[in-house]
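So the structure is just underneath, and the comments pick up after that.
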């Protein structure tokens, strides 16, 4: 089998160390098969496997870094990708931010699954589905996602701050070109108020049930796409009268009724304004307690097992 320059160098380093693949696997806690694949073919190993390999073989770190950079540059050249990386301080738009973050991931040789796991180890949250959507351009990176991604890729804190500033510049560019409301400015005031109330209620209801903003946005886009293609609404052919009368109080929303009751108690006890995070947390706690109580009741009502 034909091997690339980096793979051949890794094999030479293993021979120099005098270690077998089994011994190297015991030293590095990387599977024997992954180490063997790193020395074969033309596909580059992940950065984690590469680093473990050279550490186990006690290779010169400067030489290893030079070999890695050369191999990744050649890979990008043959794939028709840029030969240079966009530094965070040079980012001015979301398009450039997306390209720069993709380069960052490529330089570290991480998969989206590995990034998700690394973020979880730091008690952070960055789902690979969200990351995939942002890298493909289906949605823009959120500020938190940029920071989490930079840290998961091993960037030092000063560079993490640089990535955060890059996001801020990209967001200013987005808002400056279209304005914060974008084309919604063209809507009549009464229509825009109706739309904004509806959007606010969508996020409020979903977040009380633990649905993330990214999931809400993805679902809204999917529903809109189905409606455009088929002309069929997913649920109501005509909205209920209660919805037409007030979009801020949709019919049958138990969580909304609970929230309004808790808001009343907080206002009566502490006065206004009400802390949104406290209100949201208390509402979730009550909903969880109701759900658990309902489950316990169901168990109590079940027939005893013979």
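The values are calculated or read from the model by the stated rules, or taken from the named source; none is laboratory data. Quick caveat: nothing in here was measured; it's all calculated off a predicted structure. Glycine also receives a Cβ, built like all others from the backbone with ideal geometry; neighbour counts cover every protein chain displayed.
Results for (1) modelled with pLDDT under 65; (2) over 17 Å from residue 201 (Cβ atoms); (3) touching a helix residue (DSSP H, G or I) at 6+ places or on another chain (Cβ under 9 Å), shown as yes or no for each residue.
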position	(1), (2), (3)
254	yes, no, yes
259	no, no, yes
269	no, yes, no
277	no, yes, no
282	no, yes, yes
288	no, yes, no
297	yes, yes, no
Boolean, residue 80 is assigned to a loop (DSSP other than H, G, I, E, B) and either touching a strand residue (DSSP E or B) at 6+ places or on another chain (Cβ under 8 Å) or at pLDDT 85 or above (or both): no
Residue ID - surrounded by the most Cβ atoms within 10 Å (Cβ to Cβ), chosen from residues in the range 1-29 that are outside any helix (DSSP H, G or I) and in contact (Cβ under 8 Å) with a residue 24 or more places away in the chain: 19
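Going by the conditions given, is residue 86 modelled with pLDDT of 90 or more and within 26 Å of residue 152 (Cβ to Cβ)?
No, not satisfied.
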Where a residue in the range 282-296 is in a helix (DSSP H, G or I) and its partner, wherever it lies, is at pLDDT below 70, with Cβ under 6 Å and at least six apart: 287/255
Condition met for residue 59 (in contact with a helix residue (DSSP H, G or I) (Cβ under 7 Å, 6 or more places away or on another chain) and at pLDDT 90 or above): yes
